[in-house]
Amino acid sequence: MMKLYDVYPLNPIEIVKGIGSKVYDNNGQEYLDLYGGHAVISIGHTHPHYVARLKDQLDKIGFYSNSIEIPLQQQLAALLGEVAGLDNYQLFLCNSGAEANENALKLASFYNGKKKVIAFDKAFHGRTSLAVSATDNPKIVAPVNQTDNIVFLPFNDEQALEQAFASYGDEVTAVIIEGIQGVGGIQVATDSFLAKIRTLTTQYGAVFIADEVQCGYGRTGSFYAVNDGGVQADIYTMAKGMGNGFPIGAIAIGEQFKPWHGQLGTTFGGNHLACAAALSVLEVMKQDNLMAHTAQIGNYLINELKKLDKIQEVRGKGLMIGIDLAPELKDVRKELLVKDYIFTGTASPNVIRLLPALNLSQADADLFLDKFSNRLQQF
């Protein structure tokens, strides 16, 4: 019998149902979901508008290739530009965050003809070819992915960035950065660091790529995390929260980039079902004013968490929150799951990541704070 390729450390839990910020296992046990499958669930599990949109589209047509006109793609581009507040960008649709970053880096190199990419310590940009090369985790970079074209610099180090551009700035095709590093432990890029990237990439003809796959799509209370700092990137990559669980990715491309037929391509990107899913997310975000809600409930959580003893640091913005714990509290996350029935994420060495749906309720936020506070006292 064929077996699964064993690359995931699994919790012995089978989730069979989800509603809002709650999920249920095959024994009927309810869990509070504050992780949403790596920031994927943006408007809650089985949101009725999302379900209705997908069912309606599936009754019509689920897929046809990009060789024909698909009006849903243009509708998605228009609504995305409106909700993001950047309607002078162009949209290319793909399937995942890694694919979005691959295409962004490729497009940058097409644009200026250069090869060198600046990325940052603890960065995570995906697991495919160039995206994994720009990811600061040698363990997952296969020999075939290794390249001298990627340079890693310290995160938030303006002097190191200035020195790099002074040394080889004319060779740099792009700087790629997460406005808030997710896998890196919820490290927030400073406004001045983002401004420095903007200044230097403009000065040297390089491309500023904002990897918004995890930190974007309204998660910080703004649509794109780097825009919190008052700068605009040349290319924004996105995926996770875009389809509320349906696979879809995209890049928003500045108007200075000129497309030509065959420059980029994808089989499944921008299919009818994916566009229906993504439209439903944006429609709910707009109708329910979810970015304002995210900012409000996120600020509440961060402020309340900072009042708790035994926490080393609380980092993040909106509903992208990192809780840095001392080594002796390393089992708190596991206890939250198996005893308090709360899903959270993790980042090395000992950071609990909160990435809940953007419509997380006050009651669910308070439930977590109560359970978490009590759990800390057990250690």
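Does E328 satisfy being over 18 Å from the mean Cα position of the chain (by Cα), modelled with pLDDT of 95 or more and at negative phi? The answer is no for E328. Among the conditions (1) open to solvent by 20 Å² or more (accessible area, probe 1.4 Å); (2) within 23 Å of the chain's Cα centre (by Cα); (3) on the phi < 0 side of the Ramachandran plot, L58 misses just one, which is (2).
Inspect the stretch 73-86 for any residue being without any contact (Cβ under 8 Å) to a residue 60 or more places away in the chain, open to solvent by 20 Å² or more (accessible area, probe 1.4 Å) and outside any helix (DSSP H, G or I) and give the result as yes or no. No, the conditions are met nowhere in the stretch 73-86.
L72 passes every criterion in (1) in contact with a Cys (Cβ under 9 Å, 6 or more places away or on another chain); (2) over 27 Å from Q287 (Cβ atoms); (3) of a type outside the set (D, E) apart from (2).
Scanning the stretch 10-23 for residues that are more than 14 Å from G44 (Cβ to Cβ) and surrounded by 15 or more Cβ atoms within 10 Å (Cβ to Cβ) returns I13, I15. Among the residues that make up the stretch 189-201, is at least one of them of a type in the set (V, I, T), in contact with a Phe, Trp or Tyr (Cβ under 7 Å, 6 or more places away or on another chain), buried (at least 20 other Cβ atoms within 10 Å of the Cβ) and touching a residue at least 12 places away in the same chain (Cβ under 8 Å)? Looking through the stretch 189-201, at least one residue is of a type in the set (V, I, T), in contact with a Phe, Trp or Tyr (Cβ under 7 Å, 6 or more places away or on another chain), buried (at least 20 other Cβ atoms within 10 Å of the Cβ) and touching a residue at least 12 places away in the same chain (Cβ under 8 Å).
Pairs linking a residue in the stretch 276-304 that is on the phi < 0 side of the Ramachandran plot to a residue that is open to solvent by 50 Å² or more (accessible area, probe 1.4 Å) and acidic (D, E), with Cβ atoms under 8 Å and 6 or more positions apart or on different chains, are A276/D56; K286/E82. Only a single criterion out of (1) part of a helix (DSSP H, G or I); (2) open to solvent by 70 Å² or more (accessible area, probe 1.4 Å) is not satisfied by V7, namely (1).
Residue count for the stretch 351-379 satisfying the condition of being crowded, with 19+ Cβ neighbours inside 10 Å, not aliphatic (A, V, I, L, M) and not in a helix (DSSP H, G or I): 3. Any residue that is over 29 Å from T135 (Cβ atoms), surrounded by fewer than 18 Cβ atoms within 10 Å (Cβ to Cβ) and of a type in the set (G, A, S) - is there at least one of those in the stretch 29-51? There is no residue in the stretch 29-51 that is over 29 Å from T135 (Cβ atoms), surrounded by fewer than 18 Cβ atoms within 10 Å (Cβ to Cβ) and of a type in the set (G, A, S). Taken over the stretch 149-188, the criterion of being open to solvent by 10 Å² or more (accessible area, probe 1.4 Å) and of a type in the set (F, W, Y) is satisfied by F152, F155, Y168.
The values are calculated or read from the model by the stated rules, or taken from the named source; none is laboratory data. Predicted model, so just to flag it, every value in this text is computed and none were measured. So basically every Cβ, Gly included, is an ideal-geometry build from the backbone, and we count neighbours across all protein chains shown. Just so you know, the surface numbers come from the protein's heavy atoms only, side chains and all, with ligands and any DNA or RNA stripped out. Shrake-Rupley method; radii C 1.70, N 1.55, O 1.52, S 1.80 Å.
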